[in-house]
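Asks: After the structure tokens below, expect a handful of questions from me.
The values are calculated or read from the model by the stated rules, or taken from the named source; none is laboratory data. In this text, all values refer to a predicted model and were calculated from it rather than measured experimentally. As a convention, Cβ positions derive from the backbone with ideal geometry for all residues, glycine included, and neighbour counts pool all protein chains shown.
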């Protein structure tokens with residue numbers, strides 16, 4: 001295989017693998033919007049907190065990022081329930097602008113607390129279990145990204161099956177479609193809100209454990225992921241897990257290819273695609289889960 005072809009294939013595969021992680025983060029945001037109809041502007045900050053949790057678990061106990069997955073998923077699921085009970089439930093009936101202001105305030109609060117506590121230093125996990133890469137027919141693969149992609153697919157499929165096949169999942173879909181009708185049918189809407197927000201942050205907890213293997217941790221690390229997540233959720237269709245996954249792969253691929261051509265075009269191409277798809281298909285790639 002010619003060297004140029006191997007390089008291009010490597011770039012494409014790297015973009016798709018990274019797109020899987022974007023899709024995982026976006027799936028949590030999409031679920032929160034689809035059920036609660038709240039735009040969580042602090043989603044990226046929760047990702048930042050999960051990465052710091054993974055980093056400090058490694059630093060203080062030597063626990064590898066992949067081994068922290070049960071801890072981060074469980075803790076962030078419980079954190080999501082607490083945030084929904086303590087803050088989000090009070091703004092469910094508020095206007096969209098008020099919801100954005102409240103969650104934006106959470107975003108600023110968490111970012112600045114992280115900056116105050118841990119400074120602006122970039123921190124990395126040294127010598128994780130999953131590191132380096134390998135080659136097939138001259139094409140290099142990043143092992144951390146490949147493992148992250150595999151976990152992202154597994155998590156996305158698990159969430160989708162949970163929503164489709166379980167009683168709680170069916171109740172979540174019912175509330176997403178019509179909360180008043182679901183309430184009249186005897187569904188505990190408040191409980192469904194708590195579970196949905198918990199699942200959204202559990203996805204962020206998992207993403208934090210995966211990203212810490214190959215991404216530096218700093219107070220604003222979640223911001224670009226949050227911007228990409230909003231883009232992906234819009235492209236995939238609000239409330240659609242499968243649409244978010246497809247859109248995540250598209251955005252990851254576009255980012256990698258444009259950065260390969262010219263690093264200055266890295267974000268320009270991504271948002272150009274975003275605008276084009278919105279013009280051609282405003283409802284996104286999927287209208288509903």
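Asks: Assuming residue 166 fulfils every condition listed in (1) surrounded by 13 or more Cβ atoms within 10 Å (Cβ to Cβ); (2) free of Cβ contacts under 8 Å to residues at least 60 places away in the same chain apart from one, which condition is it?
Replies: Unmet for residue 166, out of (1) surrounded by 13 or more Cβ atoms within 10 Å (Cβ to Cβ); (2) free of Cβ contacts under 8 Å to residues at least 60 places away in the same chain: (1).
Asks: Being closer than 19 Å to residue 18 by Cα, touching a strand residue (DSSP E or B) at 6+ places or on another chain (Cβ under 9 Å), at pLDDT 85 or above and assigned to a loop (DSSP other than H, G, I, E, B) is the filter here; which residues of the stretch 122-160 pass it?
Replies: 124, 125
Asks: Mind telling me which of the residues 229, 182 ends up being surrounded by fewer than 23 Cβ atoms within 10 Å (Cβ to Cβ), modelled with pLDDT of 80 or more, farther than 18 Å from residue 14 by Cβ and in contact with a helix residue (DSSP H, G or I) (Cβ under 6 Å, 6 or more places away or on another chain)? Full working, then the answer.
Replies: Working: 229 fails: surrounded by fewer than 23 Cβ atoms within 10 Å (Cβ to Cβ).
Going through 229, 182 in turn, the sole match is 182.
Asks: Of everything in the stretch 254-283, what is in a loop (DSSP other than H, G, I, E, B) and within 18 Å of residue 12 (Cα to Cα)? Give them in sequence order.
Replies: Within the stretch 254-283, 262 is the sole residue that qualifies.
Asks: Can you go through 176, 203 and tell me which one is under 30 Å from residue 120 (Cβ atoms), crowded, with 21+ Cβ neighbours inside 10 Å and in contact (Cβ under 8 Å) with a residue 12 or more places away in the chain?
Replies: Numbers: 176 fails: under 30 Å from residue 120 (Cβ atoms).
203 is the lone residue from the list that is under 30 Å from residue 120 (Cβ atoms), crowded, with 21+ Cβ neighbours inside 10 Å and in contact (Cβ under 8 Å) with a residue 12 or more places away in the chain.
Asks: Tally the residues that are part of a loop (DSSP other than H, G, I, E, B) and at negative phi, restricting the search to the stretch 2-48.
Replies: 6
Asks: State the number of residues belonging to the stretch 185-197 that are surrounded by fewer than 19 Cβ atoms within 10 Å (Cβ to Cβ) and assigned to a helix (DSSP H, G or I).
Replies: Qualifying residue count, the stretch 185-197: 3.
Asks: Residue by residue through the stretch 121-144, note down the ones that are under 19 Å from residue 58 (Cα atoms) and touching a residue at least 60 places away in the same chain (Cβ under 8 Å).
Replies: The answer is 121, 122, 123, 124, 125, 128, 129, 130, 131, 144.
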